[in-house]
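Visitor: Once you've had a glance at the structure underneath, I'll fire off some questions.
The values are calculated or read from the model by the stated rules, or taken from the named source; none is laboratory data. Not measured: the values here are computed from a predicted model. Neighbour counts are summed over all protein chains in view; Cβ atoms, including those assigned to glycine, are modelled from backbone coordinates with ideal geometry.
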Amino acid sequence: MRVIAGIDGCPTGWLCVAKNMHTGTIQACILERISAVLELEPPPELVMVDMPIGLTDTGRRLCDQEARTYLKPTRASSVFSAPIRPMLSATTYEEACQIGRTIDGRALSKQTWGIVPKIKEVDTFLRADTSRNQWIREVHPELCFRAWNKDRPMQHRKKSEEGKAERELLVNSAYSAGYAAAKSSLPRGKYNSDDLLDAFSALWTAERVVAGRQTLLPATPPVDSFGLRMEIVA
C-alpha cells in the first residue's frame, strides 16, 4: 500500500493523519466531510476511522461489548453503545430515546447522541458504495492505545493532563516528527489535542493491519442489514 490514514472526528469535521508508506512522510489535515477522503492526493488505500460502522436494527453490537471487556478496569466506560439503526431517523434526543425504548427497551446516552450526525454521515457514505467498507474500517482509540501499550489500557482519561501525557508518550515513540509537524501545520482552534492523538492511534492501527498484526473484535464480525461489518479493529 502506498498511503494509509487514521481519522478522528473533530469539532469542525474530521482530523486526518495520512502516511506515505514509501517515503514515511506524514501529513495532517482537517476534512470538512468524510467523503472528502476520496479527494486526497494521493488517495489512501486504507483508512481507520473512530466512528461506529455497521449498526444493528435491534440489540447491542457485540464489538462494543467485547471492547468494554478489553478495556477493564480503567477505560471500559469510554466505549459508548452504538445507536440502533432506527434511531438515525430521530431529529431530537428525546425522539431517539423513545425509538430505542419502543424497539429495543433502552434509551441512548447523551454522549452517543452527540456523535449521531457523524455516525449518519459515515453510514450514508458507506452505504452509497458498500465496497468502501473494505478499506474504511472502524477503530476505537482506547483499544488502539491498549494494543500499543503492550495490552494495558490507559490509566487516565484522555482529556486529563495525565491522560494526554501517557498517550503522547506512545505517539512520540513512533511518530515524533510527524506529530510535531501536525501540531505546527493544523489550524488552531479547529480541533482538540485528543483528536490529534486519537487520529495517530488510528494510523498506528492501520500500520498493524498492513502488517497483518491486527486484532478484530469480534474475531468473526457479523454484518448489518446493509452488509457493513460490525467490528472494531485494534
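Visitor: So which residues in region 186-217 are exposed (fewer than 15 other Cβ atoms within 10 Å of the Cβ) and not in a helix (DSSP H, G or I)?
Guide: The answer is P187, R188, G189, K190, G212, R213.
Visitor: Output the residues belonging to region 69-78 that are over 15 Å from the mean Cα position of the chain (by Cα) and surrounded by fewer than 20 Cβ atoms within 10 Å (Cβ to Cβ).
Guide: T69, K72, P73, T74, A76, S77
Visitor: Name the single residue that is surrounded by the most Cβ atoms within 10 Å (Cβ to Cβ) among those in region 107-120 being out of contact with any Cys (no Cβ under 7 Å at 6 or more places or on another chain) and closer than 17 Å to S77 by Cα.
Guide: Among those residues, the one meeting the criterion is W113.
Visitor: Taking region 219-233, which residues are of a type in the set (A, V, I, L, M, F, W, C) and outside any loop (DSSP other than H, G, I, E, B)?
Guide: Selection gives V223, I232, V233.
Visitor: Loosely packed, with under 15 Cβ neighbours inside 10 Å, touching a residue at least 24 places away in the same chain (Cβ under 8 Å) and either touching a Ser or Thr at 6+ places or on another chain (Cβ under 9 Å) or among the aliphatic types (A, V, I, L, M) (or both) - does that describe any residue in region 35-58?
Guide: yes
Visitor: Please state which one of T205, T130, T220 is more than 13 Å from the chain's Cα centre (by Cα) and within 23 Å of E45 (Cβ to Cβ).
Guide: T130
Visitor: Answer yes or no as to whether L169 is modelled with pLDDT of 95 or more and under 17 Å from the mean Cα position of the chain (by Cα).
Guide: When the stated conditions are applied, L169 does not pass them.
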